[in-house]
1. Please determine whether any residue of the stretch 358-371 is crowded, with 18+ Cβ neighbours inside 10 Å and in a helix (DSSP H, G or I).
2. Does any residue of the stretch 240-249 turn out to be at pLDDT 90 or above, away from the ligand (no atom under 16 Å from the Cβ) and within 29 Å of residue 79 (Cα to Cα)?
3. Of all residues being away from the ligand (no atom under 16 Å from the Cβ) and in contact with a Leu (Cβ under 9 Å, 6 or more places away or on another chain) in the stretch 188-201, which is nearest to residue 110 (Cα to Cα)? Just the residue, please.
4. Name the residue that is farthest from the chain's Cα centre (by Cα), counting only residues in the stretch 175-221 that are farther than 16 Å from residue 127 by Cα and among the aliphatic types (A, V, I, L, M).
5. Select from the stretch 54-74 the residues that are touching an Asp or Glu at 6+ places or on another chain (Cβ under 8 Å) and in a helix (DSSP H, G or I) and write down the one among them that is farthest from the ligand (Cβ to nearest atom).
6. Out of everything in the stretch 9-39 that is of a type in the set (A, V, I, L, M) and surrounded by fewer than 24 Cβ atoms within 10 Å (Cβ to Cβ), what residue ends up being nearest to the chain's Cα centre (by Cα)?
7. Test residue 170 against the stated conditions and say whether it is at pLDDT 95 or above and of a type in the set (Ser, Thr, Tyr).
8. Does any residue in the stretch 102-121 that is assigned to a strand (DSSP E or B) come within less than 7 Å, Cβ to Cβ, of a residue that is within 16 Å of the ligand (Cβ to nearest atom) and among the hydroxyl-bearing types (Ser, Thr, Tyr) six or more places away or on a different chain, and which pairs are these?
Amino acid sequence: MAISLDYAARSDVGLIRANNQDSGYAGPNLLVLADGMGGAAGGDIASSVAVAHLAALDGDDHGADDILGLLSDALTAAHTDLVEYSRARPELAGLGTTVVAMLVSGRTAAMVHIGDSRAYLLRDGVLHQITKDHTFVQYLVDTGQITPAEAENHPQRSVILRVLGDSSETVELDETVRELKPGDRWLLCSDGLSGMVSDETIAESLREVTDPGRCADELVDLALRGGGQDNVTVVVADVTEDETGPSTVPQVVGAAAVDRARPTRGGSSAAARAAALVAAHTGADLGELEDDARDVDAPPRRRWWVRAVAVLIPLALLVTGVVLGYEWTQTQYYVAPDGDYVAIYQGVPQTIGPIELSSVAERTVIRIDELPPFAQSRVERGISAVSLADASTIVDELSREAR
Ligand code: CA
């Protein structure tokens, strides 16, 4: 009997963050979770790049012996892209992403993992954490310096030791291969879930909510009720023996989903949309992506890809326009409050959907409440500058006005 995956992907920006830098993908043979990091638009680009490289692998024509190599090759390529991308655009230096990805061939599943996103397996009602976080606190636990309970509230719990794109060194991935068992339920999630909701509560939802989509919704709700301090993304997949897989259309969520103005919950319907988005972001060859699309043999999937390719080109042009516009905004500066202090921002004080068009370039030690009322209101409205040097001059003047 053939094995298939019944899957769902969901993502939510959370209650605190301004944009969603997580990306999730769930398709007939591939599950991916990527949690991006980096200033301005860096994190969402990083996680989208990872998803785009991996999405091309979703097909049923890979041999069981090849899938692990395919995953690690795709991540090495994504890593190289990210390193080059951050070199080419200094404002994106430091962009990186976690990745946990599973590729299936028959009954064999290969998994690669880097960072602190997690894979869990619910088997016979018992939850197992499959991946081990590449974090500082996990290192402290492993070396017996703190207990797992102490790790949960440790002040440095968000310090990640390894991510994709963080340096020009070779990528160090955890790689595993295992057999899929019908009845198993897999969960991939960002730390927006695992950091907000206990393993016991996650296990309860996975046991009780049968439908993968409704279960994924409930897990996101739990993270939001737990504080929603981070982007939260979940992929739930059931291993079934149904002849015709119940899920056939890939779901792309979070930053990699093209509809950025509506990044929450529901998925975009096409893997190619993520690929097109990233093609425009990174200058990857669009023709290559189309060739990948044609390589998929199964008739229903071919029809789907053909339709996807038809929207790919206009979509890529649209995104290129957005990216060029974004690049222009990053040549602008202004002075405005950052909390209680005056700061210099790079960009323009606007957002497009979830994308912030500015980020703090320099913080100062000038308190807003130490400024005379008139200067306060000027800063509050934002003082535009023609360059970083101009912004520094404005800050110097404010510093003289401050009490
Ligand atoms: Ca996160």
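1. yes
2. No, because not a single residue in the stretch 240-249 is at pLDDT 90 or above, away from the ligand (no atom under 16 Å from the Cβ) and within 29 Å of residue 79 (Cα to Cα).
3. That would be 199.
4. Once the filter is applied, the top-ranked residue is 177.
5. My answer is 68.
6. 37
7. Considered against the rule, which asks whether it is at pLDDT 95 or above and of a type in the set (Ser, Thr, Tyr), residue 170 comes out as no.
8. Hits for this filter: 113/131; 114/98; 118/131; 118/194; 119/131.
The values are calculated or read from the model by the stated rules, or taken from the named source; none is laboratory data. Model, not experiment: these values are computed from the prediction. Cβ atoms come from the backbone with ideal geometry, glycine included; neighbour counts cover every protein chain shown.
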